[in-house]
Structure formats: structure tokens, C-alpha cells
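Data block below; observations after.
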Amino acid sequence: MTNSDICRLSALEVSAAVRAKKLSAGEVVSAALEHIERLEPEIHAFCTPMPDQARAATVRIDKLIADGADPGPLAGVPVAIKDTILVAGVPCVQGSVAYADFVPEEDDIVVERLKAAGAIVVGKTNVPEFAYAGVGHNPVFETTRNPWNLQLTSGGSSAGSGAAVASGMVPIALGSDAGGSIRIPAAFCGLVGVKPSWGRVPLYPGCRDPRYPGLSSWEFLEHIGPMTRTVADAALTLSVIAGPDPRDRHSIPCDDVDWRAATARADVAGSTVAFSPDLGYAIVEPEVVAIAEAAAHRFQDALGCSVEHASPELQDEQAAFWALVAFNSDLRGMRELRAKHTADMSPHLVDFLDRDWTAAELTDGHLAQKRTCNAMARFMRHYDFLLTPTAAVPPFAVGLRGPEMIAGQSVAPTKWTALTFPFNFTGQPVATVPAGWTAAGLPVGLQIIGRHLDDERVLAAAAAYEAVESWHDKWPPIVKKAFA
């Protein structure tokens, strides 16, 4: 098997081959590192590669297998970790000069669990500064590029994670999502991205430790989840990282979810499905709507669901969303960082920190969250799933926070994210899957939103759709050239 063949494998296939001694963990990681070395100068997915640590970790896995011990369900699988998630002994810069020298002493819970399951961490992936944007540029590292078109953004804030998986560098990357940061780059890169129900995957130290201004943001909105090429790989990852931990007081049991069985029972026939092109308020590019709508109709034509056009009674709460972000942020600590590093900070982050947030704005954020939760609870009484486009636009040029025009209308630079953040308010489980590609060859995502805590059905729906619209063997041109 060539290195290119290895890099095409899913995580399930890698683990099975390593456990069966058809491949060694060392061979798998060497193939991944060679592929990273070839493509990274153009894609810039990784801010901190970890080749030496990765090679060292393979020795333990291969020895366990040689000794007849169980290496874990992710044996030898290369994984990438978003640079807001801590890996002990590895810089966690988060795209900020303020954290250029920060090296954590402990792993995030999810990293602990990945390592215990036999996964091999090959590097930290690039983010906008402190993850406060839906793109992949920051003041410290090279801008992450979209493998489908190197002039375009891969989305964000899990920018490098999306690019790493889409380019075949790893089969699994972890992202985090407080307003769409798993789903947007997954959609822009033609991937599966899963935002599990809030609390399913514990957060610590990230979002929980007040010692780290910036890193401790987003607590009431944040979800950690997988970005993969297949739904089964996403389910496999969640089977490892989900479950309560006492270090996260909001973490919840997962005994009601059989993550991996959900993809095997991929039958959603008879389900009631709503398709909303815009959630009733968003401005969405017509080509994106058309592609997402065609994908939604496949749920009826191919999967036996009942699909109708319907939108929940939501308001455009984006201003309230940023107020809730402010409430979740360590404004005092981050303003101290800003005072030291203003000249080197992202302008939009400086503006956010300099704003004089009022108590009324902060409480408005909480009221908006309550309104959204109540509206979605009423709406989901009538439907098993809500389908929408993931992002309002296809991938756009690097260096921008967002397009100035959508569907011929002038918009603020964050309006293209209008379809994702409401489900951080509600904490509902959501998967994004590839809906199709534009005439220009750019990926478009479809959100599958489930009922409260109905993670298993969301994965089943994603797997059922994947079975009739397979995409995992579709690669960007730059990757096909590298594989040749």
C-alpha cells in the first residue's frame, strides 16, 4: 500500500488495518507526515506541526499490538487538534501574539481521551485570533487556504482543521463550535462536521479555566466535535470523546446514545422533515439555496421522509449573539492583553474589546437565547429534523471577515453566518454534510438539525443521506495531484 493509498483511508479503515497488523502505526503516521510536508506550504492548515511527538507516540501503539494488548478504537489514526484545544507540552498560540509563549501543562479532556483510544496527534491547526471570527487568518501565522481553491478561505474558526481533513492530511480533526465554527469550515471544505448536543462532550481546561483570558471564552455556547470525510468516522470519534467528566459541571451522560450504531441503523424513513432556506430572516445566495433544497428533496425521494418547506419563528439575533459572547468572555483579562498588544491584534477583536458593553446588552443576549430556545422547542414538536444551508454563501476570498454583498444586497461582514449560531443558543445536535458543489466547483453544506438531545437520530440521518449521496471519495484538485 502506497503512502497515497494510506492517506485516502478513513479512520475506521486505518484502525482496522493497524489492529490487524496490515499496517503499523508508524507507517500510517509516516504517510500522513509526508503528505502534510507536501501540501502544507500551500494550504497552511497547521500552525504547530508535531512530527517528532507523533512518531514517538506510534512506538507505544505498535508495541501494544505486538504484545497482544488492546491499543484502542483509534489505533494509529492521525488526528489534528484545533489550536484552542490544549495539548500538553505543545504551544497553544490561538493566533495571538499575546499567547505566543503559552505552553499548557495539561491536555484538554478530549485530547486525553483521543490519546487513550490510540489516536496519534500530528499537530495543532490554525484559527483566527482567539477564534473570534469565521475565517482562517490571524496576526501570527500564514493564512489557511481552502484546498478546493487556494485563493479562498476554508472558513473558521476551525479553519486549519477543515483544511487538514479536506486535503487528506488526517482523517479526523477536532474543531470547536460556538457560532458555527465546526459546521462552517466543514461546509466550505466539503466535509462532515458534527456539533453534538451541548454538554455531550466535556470542555476543560478550554472554556472552563479562568487562568487563561481568551481561552476561557464561549462557555455557554461552545461545543467540541469532529470534522471528518465520513459520518462513520465522526461517530467513531464521538464514541471516544463524549461522556461526562467532573471537571465540566455542564457535561451530561451519554448512555442514551450509541454513537457508532447510529450510523449502522441509518434508516429515517417516515421521519418528518422541514426545509428552511433562510430560517425566515437570513439573506442567502440563490445558488446555495438551490443546492441545499435539492439535497433536502433527496430525504423525500430517496430516504422516504416527508419533507415540507417551513421556518421556525426566529428573529435575527446576531447582535444579541455577540453580546452573549461578551458575557462569556473574560473582558477584563482580554482588555489587559489588548492594552499590551493592541498594535499586533486583529482589528475586529480590538473593536470588540473596546466596545462599552452595557448591562442591558448583556441581558438582552440571554433573553435572545431564551426566545430562540422556546421558538425552536415549539417548532421541533412537529418535525424530526430541520434542514437548512450551512453557510449563506460559498467560500469567499481569503483576508475577508465576510462578503459585503449576498444575493445582491449589502450586508455586514458577519451576516453570512446567520444560519449557524441559533443552534448554539439552543444546544441542539447538528451535523453538516456536503449538499453539493457550485458551478465553480466549491462545496456547499446542508445542516441536519435534530431535536433536543437527539444526537443519535442526527447521525442516522447524516449516514442515510451519505449512503445515497456519497462524497468521501471526492477530492480537491490539489490533493488529486499530490496523490497521483
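The values are calculated or read from the model by the stated rules, or taken from the named source; none is laboratory data. Note that this is a predicted model, so its numbers are computed, not measured. Every residue, glycine as well, gets a Cβ built from its backbone with ideal geometry; the counts of neighbours run over all protein chains shown.
Quick one: A391 ticks every box in (1) surrounded by fewer than 22 Cβ atoms within 10 Å (Cβ to Cβ); (2) among the small types (G, A, S); (3) touching a residue at least 12 places away in the same chain (Cβ under 8 Å); (4) at negative phi bar one, so which box is it?
(1)
List every residue pair whose Cβ atoms sit under 6 Å apart, with the two residues 6 or more apart in sequence or on different chains, where the first one lies in segment 240-252 and is among the aliphatic types (A, V, I, L, M) and the second, anywhere, is outside any loop (DSSP other than H, G, I, E, B) and at pLDDT 95 or above.
Final answer for the pair search is V240/R113; I241/V110; I241/R113.
Quick one: how many residues across segment 331-366 are more than 22 Å from Y212 (Cα to Cα) and surrounded by 13 or more Cβ atoms within 10 Å (Cβ to Cβ)?
5
From the list V135, V93, which residue is without any contact (Cβ under 8 Å) to a residue 60 or more places away in the chain, closer than 26 Å to L349 by Cα and in contact with a helix residue (DSSP H, G or I) (Cβ under 7 Å, 6 or more places away or on another chain)? Give the steps one after another, and end with the answer.
Values: V135 fails: without any contact (Cβ under 8 Å) to a residue 60 or more places away in the chain.
After ruling out the rest, the residue left standing is V93.
Run down E293, E308, E285 and say which single residue is touching a strand residue (DSSP E or B) at 6+ places or on another chain (Cβ under 7 Å) and over 18 Å from Y383 (Cα atoms). Spell out the reasoning first.
Working: E293 fails: over 18 Å from Y383 (Cα atoms); E308 fails: over 18 Å from Y383 (Cα atoms).
The match here is E285.
Test each condition in (1) farther than 21 Å from T432 by Cα; (2) of a type in the set (G, A, S); (3) touching a Ser or Thr at 6+ places or on another chain (Cβ under 9 Å) for G304 and report the one that comes out false.
(1)
Given the conditions (1) surrounded by fewer than 24 Cβ atoms within 10 Å (Cβ to Cβ); (2) within 23 Å of A262 (Cα to Cα); (3) touching a Gly at 6+ places or on another chain (Cβ under 7 Å), report the number of the one that R113 does not fulfil.
(3)
Taking G193 as meeting all but one of (1) touching a Lys or Arg at 6+ places or on another chain (Cβ under 9 Å); (2) assigned to a loop (DSSP other than H, G, I, E, B), write down the number of the exception.
Only one criterion in (1) touching a Lys or Arg at 6+ places or on another chain (Cβ under 9 Å); (2) assigned to a loop (DSSP other than H, G, I, E, B) is unmet by G193, namely (2).
Of all the helices (runs of 4 or more DSSP H) wholly in segment 1-118, which have at least 1 residues that are at pLDDT 95 or above, of a type in the set (A, V, I, L, M, F, W, C) and under 25 Å from E129 (Cα atoms)? Lay out the reasoning, then the answer.
Details: elements: 3-8, 11-19, 25-43, 51-66, 109-116.
In segment 1-118, the matching helices (runs of 4 or more DSSP H) lie at 25-43, 109-116.
Report, by residue number, each residue of segment 64-82 that is surrounded by fewer than 24 Cβ atoms within 10 Å (Cβ to Cβ) and of a type in the set (V, I, T).
Across segment 64-82, the qualifying residue is only I65.
Could you please let me know if A294 is at pLDDT 95 or above, of a type in the set (A, V, I, L, M, F, W, C), out of contact with any His (no Cβ under 6 Å at 6 or more places or on another chain) and surrounded by fewer than 18 Cβ atoms within 10 Å (Cβ to Cβ)? Lay out the reasoning, then the answer.
On the way: at pLDDT 95 or above: yes; of a type in the set (A, V, I, L, M, F, W, C): yes; out of contact with any His (no Cβ under 6 Å at 6 or more places or on another chain): yes; surrounded by fewer than 18 Cβ atoms within 10 Å (Cβ to Cβ): yes.
Against the criterion (at pLDDT 95 or above, of a type in the set (A, V, I, L, M, F, W, C), out of contact with any His (no Cβ under 6 Å at 6 or more places or on another chain) and surrounded by fewer than 18 Cβ atoms within 10 Å (Cβ to Cβ)), A294 qualifies.
If you go through segment 122-143, how many residues are under 30 Å from D245 (Cβ atoms) and within 17 Å of the chain's Cα centre (by Cα)? Outline the logic, then answer.
From segment 122-143, those under 30 Å from D245 (Cβ atoms) are 122-134, 136, 138; that's our starting set.
In the following step, the residues that additionally are within 17 Å of the chain's Cα centre (by Cα) were identified as 123-134, 136.
Count: 13.
Residue under question is G160, and the condition is that it be touching a residue at least 24 places away in the same chain (Cβ under 8 Å), within 21 Å of R401 (Cα to Cα) and buried (at least 24 other Cβ atoms within 10 Å of the Cβ); does it hold?
Working: touching a residue at least 24 places away in the same chain (Cβ under 8 Å): yes; within 21 Å of R401 (Cα to Cα): yes; buried (at least 24 other Cβ atoms within 10 Å of the Cβ): yes.
So G160 passes the test.
Name the residue, out of A462, A467, that is under 19 Å from the mean Cα position of the chain (by Cα) and either of a type in the set (G, A, S) or assigned to a loop (DSSP other than H, G, I, E, B) (or both).
Values: A467 fails: under 19 Å from the mean Cα position of the chain (by Cα).
So the residue among A462, A467 that is under 19 Å from the mean Cα position of the chain (by Cα) and either of a type in the set (G, A, S) or assigned to a loop (DSSP other than H, G, I, E, B) (or both) is A462.
Looking at A302, A242 in this structure, which one is surrounded by fewer than 18 Cβ atoms within 10 Å (Cβ to Cβ), among the hydrophobic types (A, V, I, L, M, F, W, C) and modelled with pLDDT of 95 or more?
A302
Using the structure shown, decide if R401 is part of a helix (DSSP H, G or I), touching a residue at least 40 places away in the same chain (Cβ under 8 Å) and either closer than 20 Å to S197 by Cβ or in contact with a helix residue (DSSP H, G or I) (Cβ under 8 Å, 6 or more places away or on another chain) (or both). Step through it out loud before you land on a result.
Details: part of a helix (DSSP H, G or I): no; touching a residue at least 40 places away in the same chain (Cβ under 8 Å): yes; either closer than 20 Å to S197 by Cβ or in contact with a helix residue (DSSP H, G or I) (Cβ under 8 Å, 6 or more places away or on another chain) (or both): yes.
No.
Just to be sure I understand, how many residues within segment 424-439 are touching an Asp or Glu at 6+ places or on another chain (Cβ under 9 Å) and over 19 Å from A264 (Cα atoms)?
The qualifying residues number 8.
Is one or more of the residues making up segment 96-110 in contact with a strand residue (DSSP E or B) (Cβ under 6 Å, 6 or more places away or on another chain), touching a residue at least 24 places away in the same chain (Cβ under 8 Å) and of a type outside the set (K, R)? Spell out the reasoning first.
Just the residues of segment 96-110 that are in contact with a strand residue (DSSP E or B) (Cβ under 6 Å, 6 or more places away or on another chain), to begin with: 110.
With touching a residue at least 24 places away in the same chain (Cβ under 8 Å) added as a condition, the list becomes 110.
With of a type outside the set (K, R) added as a condition, the list becomes 110.
Checked segment 96-110: at least one residue is in contact with a strand residue (DSSP E or B) (Cβ under 6 Å, 6 or more places away or on another chain), touching a residue at least 24 places away in the same chain (Cβ under 8 Å) and of a type outside the set (K, R).
Quick one: which residue in A75, A32, A88 is in contact (Cβ under 8 Å) with a residue 12 or more places away in the chain, among the hydrophobic types (A, V, I, L, M, F, W, C) and under 30 Å from S216 (Cβ atoms)? Steps first, answer last, please.
Values: A75 fails: under 30 Å from S216 (Cβ atoms); A32 fails: under 30 Å from S216 (Cβ atoms).
After ruling out the rest, the residue left standing is A88.
Mind counting the residues in segment 132-190 that are of a type in the set (D, E, K, R) and part of a helix (DSSP H, G or I)?
Taking segment 132-190 as the starting set, the residues that turn out to be of a type in the set (D, E, K, R) are 142, 145, 177, 183.
The next check asks that each one be part of a helix (DSSP H, G or I); those that pass are 183.
Summing the residues that are of a type in the set (D, E, K, R) and part of a helix (DSSP H, G or I) in segment 132-190 gives 1.
Any residue at all in segment 57-71 that's of a type outside the set (F, W, Y) and touching a Leu at 6+ places or on another chain (Cβ under 6 Å)?
We begin by selecting, within segment 57-71, every residue of a type outside the set (F, W, Y); these are 57-71.
In the following step, the residues that additionally are touching a Leu at 6+ places or on another chain (Cβ under 6 Å) were identified as 71.
Yes - at least one qualifying residue is present in segment 57-71.
How many residues, within segment 192-223, are of a type in the set (D, E, K, R) and under 16 Å from A235 (Cα atoms)? Don't jump to the end; show me each part of the working.
At the first step, the residues of segment 192-223 found to be of a type in the set (D, E, K, R) are 195, 200, 208-209, 211, 219, 222.
Now restrict to residues that are under 16 Å from A235 (Cα atoms): 195, 200.
Of the residues in segment 192-223, 2 are of a type in the set (D, E, K, R) and under 16 Å from A235 (Cα atoms).
Go through segment 305-321 and give me each residue that's among the hydrophobic types (A, V, I, L, M, F, W, C), surrounded by 20 or more Cβ atoms within 10 Å (Cβ to Cβ) and closer than 30 Å to D209 by Cβ.
Residues satisfying the conditions are A320, F321.
Looking only at segment 262-291, which residues are crowded, with 21+ Cβ neighbours inside 10 Å and under 21 Å from A460 (Cα atoms)?
A262, T263, V268, V273, A274, F275, S276
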